[in-house]
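Here the structure is laid out as structure tokens; the discussion comes afterwards.
Derivation of every value follows stated rules applied to the coordinates shown; laboratory data play no part. Fair warning: this is a prediction, and the values are worked out from it, not measured in the lab. Cβ coordinates were reconstructed from backbone atoms using ideal geometry, including for glycine residues, and neighbour counts include every protein chain displayed.
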Ligand SMILES: [Zn+2]
């Protein structure tokens, strides 16, 4: 068994075959958490999860790249609307993805920060973990993780995952100290710098989640194709290879970690 802790089968890329993809996941004992990035995709994630007894869950949030002031389909964050979504279904297991993104724009940082804190408050209100997205500025001079660490510490929030982790080992350890998990995607299968491999080597398996971020970031050997939750096995296999552990151990432990975090 595996759990893809972060996928977007709720996105339009899966309009045609989303149900088939998830049926195949059920058959192969791959559980999936579909993550919202806007109000509509959050709602869709819930609708999809409601079609399954077990093994398909939802997270709801407004992604930082869609916060007002961005050019990328911006929309207003209305906390009450997201609270209604959480209350509408027991399948909502997290608030996310939320966070700070300097890559697309940093001009609306104050607003991103305010919306991130609003999400933290929602997570507190419903006792749910956070799924956090962080991406540095294009030129690498502005660190999203440093801002996120400051905000989480100040808000005294200690429950969640830093998804698609791409930072330094010191940052990963800071997140662990805060009580967070770190999630890895297919990027680890094609990262030529070996920077992520070094991070993975030094992190305890108890702190790691695996994810695909489907439809994006398809791992080797499926680079260039649409990603899907079934490919999470390549991420788990790469972690086993890097840490020189049996594949089954990575499978068992990451499933255990994910179940514990999301209470599923
Ligand atoms: Zn995502």
In region 176-188, which residues are under 20 Å from residue 221 (Cα atoms) and surrounded by fewer than 22 Cβ atoms within 10 Å (Cβ to Cβ)? 187
Region 78-119, subset over 24 Å from residue 32 (Cβ atoms) and crowded, with 21+ Cβ neighbours inside 10 Å, residue nearest to the chain's Cα centre (by Cα): 100
In this structure, is residue 38 without any contact (Cβ under 8 Å) to a residue 40 or more places away in the chain, away from the ligand (no atom under 11 Å from the Cβ), surrounded by fewer than 24 Cβ atoms within 10 Å (Cβ to Cβ) and within 26 Å of residue 83 (Cα to Cα)? yes
Residues located in region 206-243, provided they are more than 16 Å from the ligand (Cβ to nearest atom) and at positive phi: 224
